[in-house]
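The values are calculated or read from the model by the stated rules, or taken from the named source; none is laboratory data. Not measured: the values here are computed from a predicted model. When we count neighbours, we look across all protein chains shown, and the Cβ atoms used for this are built from the backbone with ideal geometry, even at glycine. Each accessible area value is taken on the protein alone, full model and side chains, heavy atoms only, with ligands, DNA and RNA left out. Shrake-Rupley method; radii C 1.70, N 1.55, O 1.52, S 1.80 Å.
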Amino acid sequence: MPTVERVQVDTALGEICVHIDGSGEAILFWPSLLMTGDMWAGQSDHFADRHRVVLIDPPGHGGSQKLTATFTFEKCAQCIVDILDHLGIGSAHFVGNSWGGMIGGTFAALHPDRVRRAVLMNCTASVAGARQKVEYAIMLRMARLLGGIKPPLTRSVLKSFLGPTTFRTRPDVVAYVRTRVTGNDVASCSWAVRSVVPLRPDQHALLARVTTPVLVVAGAEDTTFPNHETKAMADAIPGATFVVLDGVAHLAALEDPALINALVEDFLAE
């Protein structure tokens with residue numbers, strides 16, 4: 001992933017690695033659990049000719065400092081503020097996927113003066129259900145026993161991220177996600193998983209405070225967060241727009257970059 005600059009930023013959750021390209025009105029991108037900033041390479045390539053694109057390696061992932069404890073969503077939102085302050089950016093657009101989408105909602109509610117427009121993708125405002133808690137607890141236990149996310153665990157993680165269309169027609173995306181997932185430091189990422197899954201707060205009441213324009217995006221093939229759950233998140237945000245996209249699952253921006261680029265571009269231009 002070509003970038004102009006890689007910067008380590010001291011934040012509320014340790015040093016966070018950000019990749020910066022382009023100039024102009026800033027857009028920050030925060031990915032899903034087990035993913036890093038280069039998940040957004042297709043968006044960086046598209047927007048960097050007219051925007052300052054900031055791709056975030058989230059806490060405990062990629063080039064960011066390893067995690068040693070759980071965190072709150074409020075601390076994640078403070079990380080975004082710390083990044084903006086370090087880069088001298090007053091306010092920016094924000095695009096997040098899954099964990100990033102949830103944090104984008106928290107950020108918009110708590111720091112309305114720092115966000116312009118927000119695109120929240122493949123995410124939820126609900127607490128994790130019993131089944132999801134059990135599934136992720138088993139995943140973490142297996143990862144520790146295997147010494148990482150390795151077969152047969154890899155296949156189940158891929159199926160939670162990608163849909164049948166991608167498995168059938170986008171082998172490069174499947175290969176990328178497999179490489180990224182298996183390359184994680186399990187000890188560090190497990191703290192993020194615990195924070196984002198079993199400890200996840202209900203944010204519906206908080207999101208009622210959002211005043212910035214928001215677009216909420218769901219993938220029709222997303223099995224991690226059913227579309228009705230993502231729609232409930234959109235319904236909690238005053239004036240939010242909600243769309244469901246065919247042919248993509250939980251990592252829509254990675255699965256079909258051109259589709260997401262056009263969607264985000266139209267939304268930012270409104």
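Numerical summary
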{"read-out": "Residue count for region 163-184, restricted to those that are open to solvent by less than 10 Å² (accessible area, probe 1.4 Å) and of a type in the set (Phe, Trp, Tyr)", "value": "0"}
{"read-out": "Single condition residue 38 does not satisfy, out of (1) open to solvent by 20 Å² or more (accessible area, probe 1.4 Å); (2) touching a residue at least 24 places away in the same chain (Cβ under 8 Å); (3) under 14 Å from residue 86 (Cβ atoms); (4) not aromatic (Phe, Trp, Tyr)", "value": "(3)"}
{"read-out": "Residue ID - farthest from residue 102 (Cα to Cα), chosen from residues in region 41-69 that are open to solvent by 10 Å² or more (accessible area, probe 1.4 Å) and among the hydrophobic types (A, V, I, L, M, F, W, C)", "value": "48"}
{"read-out": "Residues of region 25-36 that turn out to be within 22 Å of residue 116 (Cβ to Cβ) and in contact with a Phe, Trp or Tyr (Cβ under 9 Å, 6 or more places away or on another chain), as a count", "value": "5"}
{"read-out": "Out of 124, 72, sole residue that is open to solvent by 60 Å² or more (accessible area, probe 1.4 Å) and on the phi < 0 side of the Ramachandran plot", "value": "72"}
{"read-out": "Residue satisfying all of: in region 222-249; among the polar types (S, T, N, Q) and in a loop (DSSP other than H, G, I, E, B); most open to solvent (accessible area, probe 1.4 Å) among these", "value": "223"}
{"read-out": "Set 192, 187, 205: member being touching a residue at least 60 places away in the same chain (Cβ under 8 Å), open to solvent by 50 Å² or more (accessible area, probe 1.4 Å) and out of contact with any strand residue (DSSP E or B) (no Cβ under 6 Å at 6 or more places or on another chain)", "value": "187"}
{"read-out": "Enumerated helices (runs of 4 or more DSSP H) restricted to region 142-221, each holding at least 3 residues that are more than 26 Å from residue 259 (Cβ to Cβ) and of a type in the set (Ser, Thr, Tyr)", "value": "186-196"}
{"read-out": "Residue match in region 80-92 (condition: open to solvent by 10 Å² or more (accessible area, probe 1.4 Å), within 19 Å of residue 194 (Cα to Cα) and out of contact with any helix residue (DSSP H, G or I) (no Cβ under 8 Å at 6 or more places or on another chain))", "value": "no"}
{"read-out": "Selection status of residue 172, of a type in the set (Asp, Glu) and under 23 Å from residue 64 (Cα atoms)", "value": "no"}
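Results for (1) under 21 Å from residue 240 (Cβ atoms); (2) among the hydrophobic types (A, V, I, L, M, F, W, C), shown as yes or no for each residue.
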| residue | (1), (2) |
| --- | --- |
| 11 | no, no |
| 20 | no, yes |
| 85 | no, no |
| 96 | yes, no |
